[in-house]
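The values are calculated or read from the model by the stated rules, or taken from the named source; none is laboratory data. Quick caveat: nothing in here was measured; it's all calculated off a predicted structure. Glycine also receives a Cβ, built like all others from the backbone with ideal geometry; neighbour counts cover every protein chain displayed.
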Amino acid sequence: MQTILGANGQIGEELAMALKRDFTSDIRIVGRKPQKVNDTDHILMADLSVRANAIAAVKDSEIAYFTLGLPMDSALWEKQFLQITQNVIDACIVNGTKLVFFDNTYMYPQDGRVLTEQTPFEPVGRKGQVRSEMASLLLKTMETGRLEAVICRAPEFYGSGKTQSITNSLLFDNAKVNKKLKVPLRDDKARSLIWTPDASRATALIGNTPDAFGQTWHLPIDENRPTYKQLIAMASEVYGKPLQYTVIPKFFFKMGAILNSRLKELQELLPRYEHNNIFDDSKFRKHFPDFRPTSFIQGIKQIKNEQEASKHE
């Protein structure tokens with residue numbers, strides 16, 4: 001049995017499909033409102049902020065995947081995320097279950113440094129601090145030898161389906177409705193973006209590779225790291241028309257944050273858009289040379305095709 005904790009977000013859904021396709025049909029889907037992804041999935045409703053529920057959720061599981069997300073709400077993250085992480089760690093120890101922890105880069109410095117698995121945590125803002133504490137808690141537990149675990153870390157997403165990210169909302173969502181695209185802060189800085197199905201496919205691979213455990217892995221991306229200007233040029237080619245865009249300055253986000261809670265929550269992520277964002281995935285590439293990340297052209301084509309299909313539904 002392999003269990004996905006938080007399986008009905010984009011990463012969890014893609015992970016369930018990758019596991020079924022490549023590794024096992026014995027999959028448990030856990031969440032507050034779980035739904036089957038594959039017809040063979042088992043579902044279990046559970047609030048993982050309750051320790052006993054977490055223990056029950058991973059019972060009889062060889063591997064548990066932590067892909068749970070919370071709304072972009074700093075107070076909610078501070079209240080629940082670390083406790084949920086502790087509960088999942090405890091549950092895996094109690095059940096003798098291996099843990100695959102899907103992580104992001106919020107805890108990293110948001111300047112021009114190349115980001116590797118050894119980059120020190122220097123969180124900017126409240127959500128970054130929470131993610132730093134979550135990852136640190138897991139790393140400390142791994143060091144004790146009580147838990148066999150692995151961290152899979154992804155940069156900003158782009159993708160189809162339920163994918164949520166700044167890039168998706170400001171670029172591709174606007175392209176769908178023929179609005180001018182919006183670029184945060186700079187259009188001339190390199191961006192590291194991961195195609196969401198690639199993130200899930202790589203996480204499934206790592207979870208089913210025994211010698212990958214006990215480590216942190218940066219998940220694979222297209223080796224090109226385009227600027228937004230270059231990304232929009234690629235999208236214009238795919239969409240078959242020039243996509244117009246405007247660069248949104250920092251002060252606009254600051255002013256908007258006064259009245260808009262979502263913009264307020266985005267403030268701590270803005271520094272990364274002022275600098276080249278170089279996410280180094282060379283460790284993964286060396287260990288898994290047969291894995292082929294999706295190219296930006298391929299990804300954008302899939303986004304466009306899905307958008308066109310949705311117009312006819």
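Matching residues to (1) buried (at least 18 other Cβ atoms within 10 Å of the Cβ); (2) in contact with a Lys or Arg (Cβ under 6 Å, 6 or more places away or on another chain); (3) part of a helix (DSSP H, G or I); (4) assigned by TED's automatic domain parsing to the domain that holds Leu147:
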{"residue": "Ser200", "(1), (2), (3), (4)": "yes, no, yes, yes"}
{"residue": "Thr203", "(1), (2), (3), (4)": "yes, no, yes, yes"}
{"residue": "Ile206", "(1), (2), (3), (4)": "yes, no, yes, yes"}
{"residue": "Gly214", "(1), (2), (3), (4)": "no, no, no, yes"}
{"residue": "Ala233", "(1), (2), (3), (4)": "no, no, yes, no"}
{"residue": "Glu237", "(1), (2), (3), (4)": "no, no, yes, no"}
{"residue": "Leu243", "(1), (2), (3), (4)": "yes, no, no, no"}
{"residue": "Val247", "(1), (2), (3), (4)": "no, no, no, no"}
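Going by the conditions given, is Arg186 surrounded by fewer than 23 Cβ atoms within 10 Å (Cβ to Cβ), outside the structural domain of Leu231 (by TED's automatic domain parsing) and modelled with pLDDT of 95 or more? Full working, then the answer.
On the way: surrounded by fewer than 23 Cβ atoms within 10 Å (Cβ to Cβ): yes; outside the structural domain of Leu231 (by TED's automatic domain parsing): no; modelled with pLDDT of 95 or more: yes.
Considered against the rule, which asks whether it is surrounded by fewer than 23 Cβ atoms within 10 Å (Cβ to Cβ), outside the structural domain of Leu231 (by TED's automatic domain parsing) and modelled with pLDDT of 95 or more, Arg186 comes out as no.
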- Task: Kindly indicate whether any position in segment 101-124 is part of a helix (DSSP H, G or I) and modelled with pLDDT under 95.
- Result: no
- Task: Only residues in segment 18-36 that are more than 11 Å from Gln2 (Cα to Cα) and at pLDDT 95 or above count as the first member; pair them with residues that are of a type in the set (Asp, Glu) and not in a strand (DSSP E or B), Cβ under 6 angstrom, at least 6 apart or cross-chain, and list the lot.
- Result: none
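In this structure, does Leu15 turn out to be among the aliphatic types (A, V, I, L, M), at pLDDT 95 or above, closer than 19 Å to Asn208 by Cα and in contact with a strand residue (DSSP E or B) (Cβ under 8 Å, 6 or more places away or on another chain)? Write out each step before concluding.
Values: among the aliphatic types (A, V, I, L, M): yes; at pLDDT 95 or above: yes; closer than 19 Å to Asn208 by Cα: yes; in contact with a strand residue (DSSP E or B) (Cβ under 8 Å, 6 or more places away or on another chain): yes.
Here the answer is yes, as Leu15 does meet what is asked.
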- Query: What residue, among those in segment 254-297 that are in a helix (DSSP H, G or I), of a type in the set (Ser, Thr, Tyr) and more than 21 Å from Arg186 (Cβ to Cβ), is modelled with the lowest pLDDT?
  - Reply: Ser261
- Task: Scan segment 65-89 and report the pairs whose first residue is modelled with pLDDT of 95 or more and whose second residue is of a type in the set (S, T, N, Q) and in a helix (DSSP H, G or I), with Cβ atoms within less than 6 Å and a gap of 6+ or a chain change.
- Result: Ile89/Thr141
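This table checks each residue for (1) touching a helix residue (DSSP H, G or I) at 6+ places or on another chain (Cβ under 6 Å); (2) of a type outside the set (Lys, Arg).
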residue: Gln80; (1), (2): no, yes
residue: Gly112; (1), (2): no, yes
residue: Gln118; (1), (2): no, yes
residue: Glu122; (1), (2): no, yes
residue: Arg131; (1), (2): no, no
residue: Leu181; (1), (2): yes, yes
